[in-house]
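Encoded as structure tokens, the structure appears first; notes follow it.
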Amino acid sequence: MALGLFWASVCLTIFVLILSLDIMGFLSGKNHFDVDGRAVVITGGSQGMGRGLGKLLAQKGANVVIVARNQQKLEDALKYISSAARNPQSQRFHAISADVTKHNENVRILAEVSAWNNGNPPDIVWANAGSSHPTLFIDTNIETLKDQMDINYWAATYLAHATLKAWLKPSKSETIDVKNAKHAKPRHFIMTSSTLCFAGVAGYAPYSPAKSALRSLADTLRSELNLYNGYRRTHPEEGPATDVRIHCVVPGTIKSPGLEHENSMKHPVTKLLEEGDPAQTEDEVAVAAVRGLEKGGFLITTQFLGHAMRAGALGGSPRNNWLVDTAFAWVVNLAWLFIGPDLEGKVFKHGQKHRVQLPS
């Protein structure tokens, strides 16, 4: 018995050490997300995580285009982001005011960025726009439910559709060196989802289904892109100019201008379930997200709670690290035997102790 406990403790210690090293980036090798000199588009780029991403990628040498609705916020964010440029003399920055919930606006964004980028489509597109309206399902009107799906799912879907149609055209349609196209850096399409895509939480019915759909879209597109990437290997002059990679970044709570507004409308039971959850600043979440991309990750979480939730809900998604993810999944699945009933019990007990607003 004592010997078994000893080896169990040793294995757990090794696992925690490997996990910690992996999270901190010490196990990574090649940079799979080199943005130096590349054109990057970020929707929802005027504040919060989008602004943090713009600043970080500017520091890494990228030419950054941010997209949002409010022109004044865009101009302020563009000054903030461009001031962080690693090479101010050569890097370029641009802002586009657009409503990304409309398909034709996403087509316009791609056309405007391509013209700005010397006739070529952008190298990296990050569908980051989104907002949360955390209320109970029956307390939410149908129009709000639709709006949440528009901004949190359809906006990214429209952008992915427009971007991939541009990227998957034959290489001869672009002003590139076709002979060396086989060795060109891949293009990246990234979607920002939420840890709520891993687990249902009372009070997020308007928001989390859209983020879950976004994760499913990322899984599906990752599979489909193998078709075009494979074709490119044997038809370099007919296929796309570069390989295309799909990624889904899954942050938790972010300290952003919208968080205070969200908290003001949350049901008390939602606040109870989130009690003690960690929150990240826009810079912290940007650093964690980009670090995951540089390591070559597909489904990228940005803090420990998110890592645990991801490990327990991977399904058919690829593993970023087969050893860490498999071991972590064993631990998390055991933990869910206790966590799940605890969360269910908290909601049930809240209903017992407090008056619940019923539909009239």
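With n ≥ 4 as the cut-off for DSSP H runs, can you work out [θ] at 222 nm for the chain, using -39500 (n - 2.57) per run divided by the number of residues, rounded to the nearest 500? The partial results should precede the final answer.
Details: 12 runs with 177 residues, N = 360.
Theoretical 222 nm ellipticity from helices: -16000 deg cm²/dmol.
Give the order of 343, 227 when sorted by the count of other beta carbons within 10 angstrom, beginning with the fewest.
On the way: 343 17, 227 10.
In increasing order of surrounding Cβ atoms, one gets 227, 343.
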- line: In order over region 105-115: 3J(HN,Hα) from phi, Karplus 6.51/-1.76/1.60, θ = phi - 60°, whole Hz, x for each Gly or Pro, gives 5, 5, 4, 5, 4, 5, 5, 5, 5, 5, 5
task: Among the lysines, select those whose C-alpha is under 25 Å from the C-alpha of residue 102, and discard any that sit fewer than 8 residues away in the same chain.
output: 73, 146, 165, 169, 211
task: Enumerate the calculated ³J(HN,Hα) couplings along region 188-203 in order (Karplus 6.51 cos²θ - 1.76 cosθ + 1.60, θ = phi - 60°), each rounded to whole Hz, writing x wherever the residue is Gly or Pro.
output: 10, 10, 10, 10, 9, 9, 7, 4, 5, 6, 9, 8, x, 10, 3, x
message: Can you give me the long-range amide H partners of residue 38? Hydrogens built in the peptide plane at 1.01 Å from N, cutoff under 5 Å, separation of 5 or more residues or another chain.
response: 63
statement: Neighbour-count ranking for 328, 304, 298 (other C-beta within 10 angstrom, fewest to most) reads 304, 298, 328
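Quick one: longest stretch of the chain between exposed loop GluC sites (Glu not before Pro), exposed meaning at most 14 other C-beta atoms within 10 Å and loop per DSSP? Can you show the working numbers first?
Details: sites that count: 237, 238, 275.
Within the chain, the longest run free of exposed GluC sites (Glu not before Pro) spans 1-236.
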task: Using the Karplus curve 6.51 cos²θ - 1.76 cosθ + 1.60 with θ = phi - 60°, work out ³J(HN,Hα) for each residue of region 46-54 in order, rounded to whole Hz, and write x for Gly and Pro.
output: 8, 7, x, 4, x, 5, x, 5, x
- prompt: Top mean-square fluctuation among 279, 160, 288, Gaussian network model of the chain, C-alpha springs under 10 Å?
  reply: 279
field: Amide hydrogen neighbours beyond the local backbone of residue 301, cut-off 5 Å, H modeled
entry: 250
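With a 10 Å Cβ neighbour count serving as the proxy for reagent exposure, in which order, fewest first, do 110, 314, 259, 337 appear? Don't jump to the answer; show the numbers that get you there.
Details: 110 20, 314 17, 259 14, 337 8.
Ordered by Cβ neighbours within 10 Å, fewest first: 337, 259, 314, 110.
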message: 5 Å is the cut-off here: which amide hydrogens, built 1.01 Å from N in the peptide plane, fall below it relative to residue 205, excluding neighbours closer than 5 in sequence?
response: 135, 137
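Where does the charge balance sit around residue 36 when Lys and Arg score +1, Asp and Glu -1, over other residues with C-beta under 11 Å from its C-beta? It would help to have the intermediate numbers written out before the result.
Working: positive: 38, 60, 86, 185; negative: 34, 123.
Here the charged neighbours net out to +2.
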field: From the coordinates shown, P(r) over Cα pairs in 10 Å bins from 0, in percent corresponds to which of [x] 5, 25, 36, 26, 7, 0; [y] 5, 21, 28, 23, 15, 7, 1, 0; [z] 5, 23, 32, 24, 12, 4, 1, 0
entry: [z]
- prompt: With the dipole of the chain worked out from charges on the C-beta (+1 for Lys and Arg, -1 for Asp and Glu) around the Cα centre, which of 157, 195, 236 lies farthest toward the positive end?
  reply: 236
field: Within the chain, longest stretch clear of exposed trypsin sites (Lys or Arg not before Pro) (DSSP loop, no more than 10 other Cβ within 10 Å)
entry: 31-354
query: Rounded, prolate or oblate: which fits region 86-217, taking a ≥ b ≥ c as square roots of the Cα gyration tensor eigenvalues, rounded meaning a/c under 1.5, else prolate when a/b beats b/c?
result: prolate
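In nm, what is the difference between 0.36 nm times the number of residues separating residue 223 and residue 271 and their Cα-Cα distance?
Working: separation 48, 0.36 × 48 = 17.28 nm, distance 3.69 nm.
Between residue 223 and residue 271, full extension yields an extra 13.6 nm.
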Pair residue 355, residue 335: separation of 7 Å Cα→Cβ label points (nm): 3.8
task: Using the structure shown, list the pairs from 55/172; 55/185; 60/266 with a Cα-Cα distance above 29 Å, or answer none.
output: 55/172; 60/266
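Read-outs: derived from the displayed coordinates by stated rules, not from any lab. A quick note: this is a predicted structure, and the numbers were derived from the prediction, not measured. We place every Cβ from the backbone using ideal geometry, glycine too, and count neighbours over all the protein chains shown.
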